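Below you'll find the structure, written out as structure tokens, and then a few comments.
The values are calculated or read from the model by the stated rules, or taken from the named source; none is laboratory data. These figures come from a predicted structure and were not determined experimentally. Here Cβ is always computed from backbone atoms with ideal geometry, including for glycine, and neighbour counts include all displayed protein chains. Keep in mind that these areas ignore ligands, DNA and RNA; they rest on the heavy atoms of the full protein, side chains included. Shrake-Rupley method; radii C 1.70, N 1.55, O 1.52, S 1.80 Å.
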Amino acid sequence: MCGIVGYIGKKYNALNVLISGLERLEYRGYDSAGIAYVEGKTLKIEKEKGKISNLKSAIDVNIPSNLGIGHTRWATHGIASKINSHPHKVGKITIVHNGIIENYEDLKNELINNGVKFKSETDTEVACALLNKLYEDTNDMNETLCLFQKRVKGTYALGIICDDDYNTLYALKNKSPLIIAFGENENYIASDVPAILEFTNKYITLNDGEFAKITENKVTCYKDNEVINKKINEFEGSAESIEKNGYEHFMLKEIFEQPEVFKKTVFKYTENGIKSLIKIMPDFKKYKSIKIVACGSAMHAGIVGKSLIEEYGNIPVDVEIASEFRYKKLFIDKDTLVILVSQSGETADTLAALEIAKEKGCDTLGIINVLESSIARSSDIVLYTKAGSEIAVATTKAYSAQITLLSLIALNIACSKKLISEDEIKEILSEIKNLPIKIQSLLDKKDDYKEIAKKIYNKNNIFFIGRDIDYALCMEGSLKLKEISYINSQAYAAGELKHGTISLIEENTPVIAIVTNESISEKTISNIKEVKSRGADVVLVTTESLNKESDFYNEKIVIPNTHKLLQALLTVIPLQLLSYEIAKLRNCNIDKPKNLAKSVTVE
């Protein structure tokens, strides 16, 4: 949500770097964009409502500049407009800002009483005005930033330029992601690695309460105005990894990357058989219960994980929505393991839940995709998914990677507690080797899903039904469809149909029914027959072993059999591709759905 990029150096023209970086950050979601840049001895600001292309057409990117900051804004305080867009300038200070200043009204009233006049409705302009006032009082940027941290409550990642020094860029962070990247005689700031990956893959992450003074050939980081040393990271991917590489959309590319993502994620834990799995993962036996805390698709992955961990690990698991977890009465202690699941590792509600869990004395485990992200740094234990950069707003490969690790956790607990036989372990390890081939076989049926999509893409309501782990997959399938096609889609536990929801089924209403669990398949099929008898057009998703000819469905998707521990990783593939094909037929902006953001870093 929102994006920051900044550049200082002479190797490239700052304007080109800023525009390129902002375009790389479009996936985060935004409704206006702007840049501030130094031309000669003057700082200039350009900003526009709407797409970056509007901004790009308003500036001459060939203007020579060695210093600049840019921003894509997602409207929070104040409507999406040119005047509310970033950057903001007050006096000698110009800033871009991600986050929310919680006490901005009190600060604004104080500043108004001191003669400051505001142009916008934003909390960001208040932050800028406060910085300018503090700088007027101190004439020292380091001291200004330290005082700012003491005065401001909330979340912020700031890129800052001071008129008194056009050879320095400042960066400041609290609970909103910000990195500093290194080139040769040039340096960058950004809210995410893709913004700078075209230029360098070397970066450091700022922790909360830290700030940096950045020139073209030096980066100095501070905590409480004391110099600190930082570890330099190298991003594992390449610039090519964030390109479409011939695919029409990033989402389609990322769906098709899932066989490789599964192999990369699972290899480290199983390369030497089950012993390496137990050795690398923590000892789960010491916990009496597990809480999985996440948002959106990561939460849906957690529900799949709950089913598998309870069945194979014989330990109670609760799945909590992070935004609810942080405000409810909690019954957790040192015997509870709290698992935080987040693709970005920066999800605000999940990060807050992590802090609460630590306060309660719980061990915390992060399932994270981004190296050295906030949740990864703060968790006691980190298991990294190997999904690589995910650019499409609607997650696919990261969700699958999360399920992969949760499945391995279930297997680890079952093995360490000796709840599973040697023969079954061998079967699972064999299926792990074969799974990428089976995923690919489903991807190869893309045209089949397209034909099904043609029959239902113009409907206004679509329902998903299933039981147990299939219901968890229904929730993800329904969310994916809503996210990118804007169709009103609902997921229901199949057994709940008689409790009111079946009244919504009308003639030709599409119902996507998932049946992969043989032990309860007859129960689900009975529910499918109920909706069919009321005129529903049923798309059945089932396994080869449960595939039988019948008249209770209109269309059928058959997925290969695998071990139950891994079945969800196959079942989700057709749901992702079906959503994609429906959205494409509806001419939707698949990679950047309206009103959605990739990384939700504020409440």
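Given a 1.4 Å probe and heavy atoms of the protein chains only, how would you sort ILE303, ILE367, largest accessible area at the top? Kindly include the intermediate steps, with their values, before the conclusion.
Values: ILE303 40, ILE367 0 Å².
I get ILE303, ILE367, largest accessible area first.
Can you work out the FRET efficiency for the pair ILE425 and PHE331, with r the C-beta to C-beta distance and R0 = 25 Å, to the nearest 0.05? All intermediate terms of the calculation are to be shown ahead of the outcome.
Working: r = 34 Å, r/R0 = 1.36.
The pair ILE425/PHE331 has a calculated efficiency of 0.15.
How tilted is helix 123-138 with respect to the longest principal axis of the chain? Cα atoms for both, answer in degrees (0 to 90, nearest 10).
Approximately 40 degrees, to the nearest 10.
Please report the antiparallel percentage of DSSP beta bridges with both residues in the chain, rounded to the nearest 5. Mind showing how you got there, number by number?
Working: 64 of 104 bridges.
In the chain, DSSP labels about 60 percent of beta bridges as antiparallel.
Nearest 0.05, what FRET efficiency do ASN16 and GLU260 give at R0 = 25 Å with Cβ-Cβ as r? Working shown, then result.
Working: r = 32 Å, r/R0 = 1.29.
The pair ASN16/GLU260 has a calculated efficiency of 0.20.
Compute the label zone of ARG534 within the stretch 458-484: residues whose backbone N is under 18 Å from the point 7 Å along Cα-to-Cβ.
Counting backbone N atoms under 18 Å from the label point, the list is 460-467.
Lysine pairs in the stretch 324-419 with alpha-carbon atoms under 21 Å apart, 8 or more places apart or on different chains: how many are there? Before the final figure, lay out the partial values.
Numbers: LYS328/LYS358; LYS328/LYS360; LYS329/LYS358; LYS329/LYS360; LYS334/LYS358; LYS334/LYS360; LYS334/LYS417; LYS386/LYS397.
So the count of such lysine pairs works out to 8.
Of CYS295, CYS128, which has the most accessible area with a 1.4 Å probe, and how do the rest follow in descending order? Present the calculation step by step, with values, prior to reporting the outcome.
Working: CYS295 40, CYS128 0 Å².
My answer, sorted largest first, is CYS295, CYS128.
Multiplying the sequence separation of GLU121 and GLU506 by 0.36 nm and subtracting their Cα-Cα distance, what value in nm do you get? Don't skip to the end; give the middle numbers.
Working: separation 385, 0.36 × 385 = 138.60 nm, distance 4.68 nm.
Between GLU121 and GLU506, full extension yields an extra 133.9 nm.
With each pseudo-label sitting 7 Å past Cα toward Cβ, what's the THR76-THR220 distance in nm, one decimal?
3.1
Straight-line reach from LYS56: which aspartates and glutamates have Cα under 15 Å away, leaving out those fewer than 8 places along the same chain?
Here the aspartates and glutamates satisfying the reach criterion relative to LYS56 are GLU23, GLU26, ASP31, GLU46, GLU48.
Using only the heavy atoms of the protein chains and a 1.4 Å probe, how would LEU383, LEU147 rank by accessible area, largest first? Before the final figure, lay out the partial values.
Numbers: LEU383 5, LEU147 60 Å².
Largest accessible area first, the list is LEU147, LEU383.
Which label belongs to the value computed from this structure, given these candidates for Rg/Rh (Cα atoms, Kirkwood Rh): [x] 1.00; [y] 1.03; [z] 0.95?
[x]
Over 23 Å between Cα atoms: which of LYS47/LYS92; LYS49/LYS218; LYS41/LYS202 fall into that group? Write out the running numbers ahead of the final one.
Values: LYS47/LYS92 19 Å; LYS49/LYS218 34 Å; LYS41/LYS202 30 Å.
Flagged as over cut-off: LYS49/LYS218; LYS41/LYS202.
Give me the angle, in degrees from 0 to 90, between the Cα long axis of helix 141-151 and the longest principal axis of the Cα atoms of the chain, rounded to the nearest 10.
50
What nm distance separates the two modelled labels at GLU324 and TYR486, each placed 7 Å from Cα along Cα→Cβ?
2.9
Give me, ordered by chain and number, the residues 5 or more places off ASP537 or on other chains with an amide H under 5 Å from its own placed amide H.
ASN508, THR509, VAL511
Going by alpha carbons, how many degrees (0 to 90, nearest 10) lie between the helix axis of 104-113 and the longest principal axis of the chain?
Rounded to the nearest ten degrees, it is 20.
Testing the spin-label approximation: label points 7 Å from Cα along Cα→Cβ at ARG377 and ASN587. State their distance in nm.
For ARG377 paired with ASN587, the spin-label model returns 4.6 nm.
Quick one: if the Förster radius is 56 Å, what FRET efficiency do ASN547 and ASN139 give, using the C-beta to C-beta distance and rounding to 0.05? Display every interim value, and only then the final one.
Numbers: r = 76 Å, r/R0 = 1.36.
Rounded to the nearest 0.05, the efficiency is 0.15.
Share of the chain's accessible area from carbon and sulfur, percent, 1.4 Å? Could the numbers behind the result be given before it?
Working: 10920 of 23870 Å².
Roughly 46 percent of what the probe reaches on the chain is carbon or sulfur.
Counting only heavy atoms of the protein chains, get the accessible area per residue of the chain (1.4 Å probe) and round it to a whole Å² value. Present the calculation step by step, with values, prior to reporting the outcome.
Values: 23870 Å² over 603 residues.
I get 40 Å² per residue for the chain.
So how much accessible area does GLU125 have, in Å² to the nearest 10, using a 1.4 Å probe?
Taking all protein chains as shown, GLU125 has close to 10 Å².
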